[in-house]
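The values are calculated or read from the model by the stated rules, or taken from the named source; none is laboratory data. Just so we're clear, the structure is a prediction, and the values are computed from it rather than from any experiment. Cβ placement follows ideal geometry from the backbone for every residue including glycine, while neighbour counts extend to all protein chains displayed.
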Ligand SMILES: Nc1ncnc2c1ncn2[C@@H]1O[C@H](COP(=O)(O)OP(=O)(O)OP(=O)(O)O)[C@@H](O)[C@H]1O
Ligand SMILES: [Mg+2]
């Protein structure tokens, strides 16, 4: 179930490259298929084009070469995006922030109130509906940002280093929350990170990228069984996987 | 000392020192009141002439507020139009700047001649010209300051132009607009007074500027000072009201008006 290679891709990239008008070549010849239901991590050094790749997958910017192939399912409105910063509207309450995607889709408040309440509760935000972003901690803001992405019940969830700015403790907890939700809802996740440990802990597959222009250096299935929890972090087969991938990454940098 | 007490006490102390110095200067140098009236004499005149000056103040205030309202409506609308069409912005913005940098005393006579039978309107137009630019400039800046990632998020969820404006650009612009508004409030008053100065006295329903001119001609310095004092107080009141309004509208989220950290 957890995104073996046989699953039909929800979205695929075919020889995608991106050269910005400034002349910077961010990506070159990216071929990749995101399997439906998979948890795929993009792992690579800073500046290798991970964010650019994610924005291309989301359709926010066009590739300059190659093409984006959409799978059978219609993704319009069913795509969740979580930015590196929480990116909340400071003038709006937690509830209003999470309501935003539904409001833009023309949904009435009372029709979606139950769904919003449920989403907030599943991220431990119950009771903070009327708080403003400035009244929340960094970790809670990130949870709101994730709640906003989840409330549309996305088929494809794109996360751009969502936990990079958080302390390790909070990051671990949010990792586990995210895994739990992913297993319950069967979304497809593409997760950008530059933490080896985080990517091994979460992913069913890791794509290691080279420095700019970014290419896919290695495509590694992680065959640690789900559900995974905190205990895994100290398990020898987990640390073994991390060591293997760290090795690959330093090879990529060389 | 408590910060709150200081905020009121410190400027008050400066004011008190100033008035004392003023009084001392007038007494020691035996200044005649047609050169520099003492503070007591000015206060007395204000008390006596207050009612008659108040009518003129209302005229000035009406022009000021009407000009400010027009600046808000037209300035705000223009800023929104600018964000919707880059071409429109490119073609109109330079003229807004020209209007802004041309001294109002130079344009006022023309406007007063062109609108010769409509004194109120001509003064209003002059005050409006002075007041509208800060609103256009600040609101435009605000409308274009939306967080890039939020813009992407809105696009991702298929937001229409209207939704983008209503739920993202306008709320982003609100603090900028309010800054413009506070500047424009003072400018509208200045514009109203300057325009009336240029228009000269005469007519029945005239504002404070006419009272100041009259008093000047007749060397009634205490009355002139009283009118000036009234004008300054009005300016401060306008600023205070607009500041209070800003506070009310954005205090729950914007950094500029957040209460000190607890
Ligand atoms: N809009 C843009 N215009 C020009 N160049 C850009 C643009 N966006 C990104 N780049 C360049 O493309 C390259 C890849 O950027 P990108 O943000 O995708 O890297 P990243 O892998 O996400 O890095 P990080 O891990 O630091 O977030 C960088 O060299 C960057 O300078
Ligand atoms: Mg990035």
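Among the residues here, residue A:55 qualifies as within 12 Å of ligand 1 (Cβ to nearest atom), without any contact (Cβ under 8 Å) to a residue 60 or more places away in the chain and either under 18 Å from the mean Cα position of the chain (by Cα) or part of a strand (DSSP E or B) (or both). Checking B:79, B:66, B:106 one by one, the residue that is in contact with a helix residue (DSSP H, G or I) (Cβ under 7 Å, 6 or more places away or on another chain) and under 17 Å from residue B:191 (Cα atoms) is B:66 and no other. The single condition among (1) more than 14 Å from chain B (Cβ to nearest Cβ); (2) in contact with a strand residue (DSSP E or B) (Cβ under 6 Å, 6 or more places away or on another chain) that residue A:54 does not satisfy is (1). Only a single criterion out of (1) within 14 Å of the chain's Cα centre (by Cα); (2) more than 22 Å from residue A:27 (Cα to Cα) is not satisfied by residue A:189, namely (2). Restricting attention to the stretch A:22-39 and to residues that are within 16 Å of ligand 2 (Cβ to nearest atom) and within 20 Å of residue A:156 (Cβ to Cβ), the residue that is nearest to the other protein chains (Cβ to nearest Cβ) turns out to be A:27.
Can you go through B:136, B:151 and tell me which one is within 14 Å of another protein chain (Cβ to nearest Cβ) and either in a helix (DSSP H, G or I) or touching a strand residue (DSSP E or B) at 6+ places or on another chain (Cβ under 8 Å) (or both)? Give the steps one after another, and end with the answer.
On the way: B:136 fails: within 14 Å of another protein chain (Cβ to nearest Cβ).
On inspection, the qualifying residue turns out to be B:151.
Suppose the filter is in a loop (DSSP other than H, G, I, E, B), surrounded by 14 or more Cβ atoms within 10 Å (Cβ to Cβ) and either more than 17 Å from the chain's Cα centre (by Cα) or within 10 Å of another protein chain (Cβ to nearest Cβ) (or both); does residue A:95 pass it? So residue A:95 fails the test. Before we move on, is residue B:219 on the phi > 0 side of the Ramachandran plot, at pLDDT below 90 and away from chain A (no Cβ under 14 Å)? Against the criterion (on the phi > 0 side of the Ramachandran plot, at pLDDT below 90 and away from chain A (no Cβ under 14 Å)), residue B:219 qualifies. Look at residue B:185 and say whether it is buried (at least 21 other Cβ atoms within 10 Å of the Cβ), assigned to a helix (DSSP H, G or I) and within 14 Å of chain A (Cβ to nearest Cβ). No.
Under 6 Å by Cβ, and 6 or more places apart or on different chains, what pairs join a residue from the stretch A:8-26 that is more than 9 Å from residue A:63 (Cβ to Cβ) with one that is in a loop (DSSP other than H, G, I, E, B) and within 13 Å of ligand 1 (Cβ to nearest atom)? Here the result reads A:19/A:64; A:25/A:213; A:26/A:49, each pair linking the stretch A:8-26 to a residue that is in a loop (DSSP other than H, G, I, E, B) and within 13 Å of ligand 1 (Cβ to nearest atom). Against the list (1) within 16 Å of ligand 1 (Cβ to nearest atom); (2) touching a residue at least 24 places away in the same chain (Cβ under 8 Å), the condition residue A:95 fails is (1). Evaluation of residue A:124 against the conditions (1) within 12 Å of another protein chain (Cβ to nearest Cβ); (2) at positive phi shows that the sole unmet condition is (1). With respect to the conditions (1) touching a residue at least 24 places away in the same chain (Cβ under 8 Å); (2) away from ligand 2 (no atom under 16 Å from the Cβ); (3) surrounded by fewer than 19 Cβ atoms within 10 Å (Cβ to Cβ), residue A:85 falls short on a single one, namely (2). What about residue A:137, is it modelled with pLDDT of 90 or more and buried (at least 21 other Cβ atoms within 10 Å of the Cβ)? Criteria not met by residue A:137. Evaluating residue A:44 against the criteria (1) within 14 Å of another protein chain (Cβ to nearest Cβ); (2) within 16 Å of ligand 2 (Cβ to nearest atom) leaves one unmet condition, (1).
Summed over the stretch A:58-79, residues that are more than 16 Å from ligand 1 (Cβ to nearest atom) and at the interface with chain B (Cβ under 9 Å from one of its Cβ atoms) total 3. Scan the stretch A:53-63 and tell me whether some residue there is more than 16 Å from ligand 2 (Cβ to nearest atom), in the same structural domain as residue A:210 (by TED's automatic domain parsing), modelled with pLDDT of 85 or more and within 20 Å of residue A:210 (Cα to Cα). Scanning the stretch A:53-63, I find at least one residue that is more than 16 Å from ligand 2 (Cβ to nearest atom), in the same structural domain as residue A:210 (by TED's automatic domain parsing), modelled with pLDDT of 85 or more and within 20 Å of residue A:210 (Cα to Cα), so the answer is yes. Evaluate the following for residue B:71: is it in contact (Cβ under 8 Å) with a residue 60 or more places away in the chain, under 30 Å from residue B:214 (Cβ atoms) and crowded, with 17+ Cβ neighbours inside 10 Å? Yes, satisfied. Would you confirm whether any residue within the stretch B:35-45 is in contact (Cβ under 8 Å) with a residue 24 or more places away in the chain, closer than 20 Å to residue B:218 by Cα and exposed (fewer than 12 other Cβ atoms within 10 Å of the Cβ)? Looking for residues that are in contact (Cβ under 8 Å) with a residue 24 or more places away in the chain, closer than 20 Å to residue B:218 by Cα and exposed (fewer than 12 other Cβ atoms within 10 Å of the Cβ), one finds at least one in the stretch B:35-45, hence yes.
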